[in-house]
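Accompanying notes for the structure given below.
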Amino acid sequence: MKKRICILYTGGTIGMVPTKRGYAPQPGGLAKYLNMIPDLTSADAPDWELVEMDPLLDSSDITVREWRAIGQEIFDLYDRFDGFVVLHGTDTMAYTASALSFMLENLAKPVVLTGSQIPLCRIRSDGRDNLITSLLIAADGRAAEVCLYFGGKLLRGNRAVKTSADGLQAFSSPNYPPLALAGVNIRYDTAALVRPAVTGPLTLAPMHTVPIAVLKVFPGIQFQLFESIVTEKLQGIVLEAFGAGNIPNSDGALLPLIEKAWRSGTVLTVCSQCTYGEVSLGAYAASSSLKAAGAVSGRDMTTEAAVAKLYYLFSKGLSPAQVKAAMEQNLRGELS
C-alpha cells in the first residue's frame, strides 16, 4: 500500500510566480507546476495531497505565529498521513525547522522541510529534485523527526544553517553529520538518526511571542548601549560570542549587564560565531566573566536552535532557573 504524504506549502521561492513586483507566492500557483512534474505521478512516488497555508508568505515574513500555524496544521492532519513535506522559503527555514522540532513533542513521523533557490516555474529549478526526494524520504519513514532536505543532503532540522544565498547546496550542518545523502541511492546514516524514545502520542507544545534578543559581539562593541533593553520584560538573550565563548570586557561594562539580566529573570545563552566547534565557558579568561555571572553555554547549538529553544521553554511557563537548566540539556538532538 502506498504511503500518503501531505505537502504543506507555506510560501517561499519554490512556488513563486512572476508578478509585476517580481517573484511572489500566489494562491493556487504551486498546484499548476506540481501537475507538470511527471515524477509526482510515478508508480514509485507516494500518494500526496497539497495543503496551502493562508496567507502564503515569503520566509522573511515568517514569525512565531506562523510556526504555531504550521505546527497546528501538522498536528491536525497527523493521523491522516504517513509523513509531511513542508515547502518553505530558504531564508528562515532553519529557524522554522528548529521551532517545529521542539513544538512537535513525541513526533514519530518524518517532517521534511525543503524549498528551492530557483522557482519551479523556471527551467533550471532545483525545486523538482528537492521536492521529489523529500517526498521519498517522508514516505520511507526512517527519519522520523523534523529534518531539512536540500541539495542532496538530509539534515537534522535543528542542526541546519543556511550558508549560501545563491548556491544550490544552500544548507549545511556544521557540527552534526547529515542524516542521509542522496546520490544514485538515498544512503541513511543510521547512527546519526538515533533519537529519544517516543513516550506517548503526538502533542503540540505552545509557542508564544516571547521578548528575545540576539546580540552579536564585535570588536569595539559598547555594551553600555544595550543596558536600556535589558529589563524584566526581556526574557532571553542569545549572545553570539567569539570562538569558544570569548567576549571583550576591557571597559568592564559587560559583567554588570549580565548580572542585571539575571536579576531581571533574563536567560543569557552564549553561542559561537564560528561555524564549527562549540562554546566552552571558562576555558579562556575572556569567557570566565560570562560563566561567573550565570550565562548558559549553548555549546554547539546553532543560533537558530537557541532562539527557537528559548521561545519553546518560556512558552511552557518555566521559570528562568528551569529554562537555564533546560537550555544545557539535549532535548531534540540540538546539541551534542
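Tally the residues that are without any contact (Cβ under 8 Å) to a residue 12 or more places away in the chain and either under 19 Å from residue 314 (Cα atoms) or in contact with a strand residue (DSSP E or B) (Cβ under 6 Å, 6 or more places away or on another chain) (or both), restricting the search to region 253-270.
1
Name the pairs whose Cβ atoms lie under 7 Å apart, with the first residue in region 182-199 and farther than 10 Å from residue 143 by Cβ and among the aliphatic types (A, V, I, L, M), the second part of a loop (DSSP other than H, G, I, E, B) and at pLDDT 85 or above, and 6 or more positions between them or separate chains?
Partner pairs satisfying both residue conditions: 182/152; 198/106; 198/108.
Search region 43-59 for residues being modelled with pLDDT of 95 or more and either open to solvent by 70 Å² or more (accessible area, probe 1.4 Å) or in a strand (DSSP E or B) (or both), and hand back the single one that is farthest from residue 2 (Cα to Cα).
Per the criteria, the residue is 52.
Test residue 214 against the stated conditions and say whether it is open to solvent by less than 20 Å² (accessible area, probe 1.4 Å) and either touching a strand residue (DSSP E or B) at 6+ places or on another chain (Cβ under 7 Å) or free of Cβ contacts under 8 Å to residues at least 60 places away in the same chain (or both).
In short, no.
Scan region 257-268 residue by residue and report those that are open to solvent by 10 Å² or more (accessible area, probe 1.4 Å) and either aliphatic (A, V, I, L, M) or more than 19 Å from residue 324 (Cα to Cα) (or both).
257, 268
When you scan region 84-93, do you find a residue that is β-branched (Val, Ile, Thr), in a helix (DSSP H, G or I) and in contact with a strand residue (DSSP E or B) (Cβ under 8 Å, 6 or more places away or on another chain), even just one?
The answer is no, given that none of the residues of region 84-93 is β-branched (Val, Ile, Thr), in a helix (DSSP H, G or I) and in contact with a strand residue (DSSP E or B) (Cβ under 8 Å, 6 or more places away or on another chain).
Could you grab me the full set of residues in region 221-252 that are in contact (Cβ under 8 Å) with a residue 12 or more places away in the chain, small (Gly, Ala, Ser) and surrounded by fewer than 17 Cβ atoms within 10 Å (Cβ to Cβ)?
243
Taking strands (runs of 3 or more DSSP E) that fall entirely within region 146-223, which contain at least 2 residues that are under 18 Å from the mean Cα position of the chain (by Cα)?
Hits in region 146-223: 146-150, 153-156, 212-216.
If residue 195 meets every condition in (1) more than 23 Å from residue 115 (Cα to Cα); (2) open to solvent by less than 70 Å² (accessible area, probe 1.4 Å); (3) touching an Asp or Glu at 6+ places or on another chain (Cβ under 8 Å); (4) not small (Gly, Ala, Ser) apart from one, which number is that one?
(2)
From the list 324, 291, 233, pick out the single residue that is among the basic types (Lys, Arg), more than 22 Å from residue 95 (Cα to Cα) and in contact with a strand residue (DSSP E or B) (Cβ under 9 Å, 6 or more places away or on another chain).
Within the list 324, 291, 233, the selection yields 291.
From (1) farther than 30 Å from residue 107 by Cα; (2) of a type in the set (A, V, I, L, M, F, W, C); (3) out of contact with any Cys (no Cβ under 8 Å at 6 or more places or on another chain), pick out the condition that doesn't hold for residue 202.
With (1) farther than 30 Å from residue 107 by Cα; (2) of a type in the set (A, V, I, L, M, F, W, C); (3) out of contact with any Cys (no Cβ under 8 Å at 6 or more places or on another chain) applied to residue 202, the lone miss is (1).
The values are calculated or read from the model by the stated rules, or taken from the named source; none is laboratory data. Everything numeric in this text was worked out from a predicted model, so none of it was measured. Here Cβ is always computed from backbone atoms with ideal geometry, including for glycine, and neighbour counts include all displayed protein chains. The accessibility values were calculated without ligands, DNA or RNA, using every heavy atom of the protein model including side chains. Shrake-Rupley method; radii C 1.70, N 1.55, O 1.52, S 1.80 Å.
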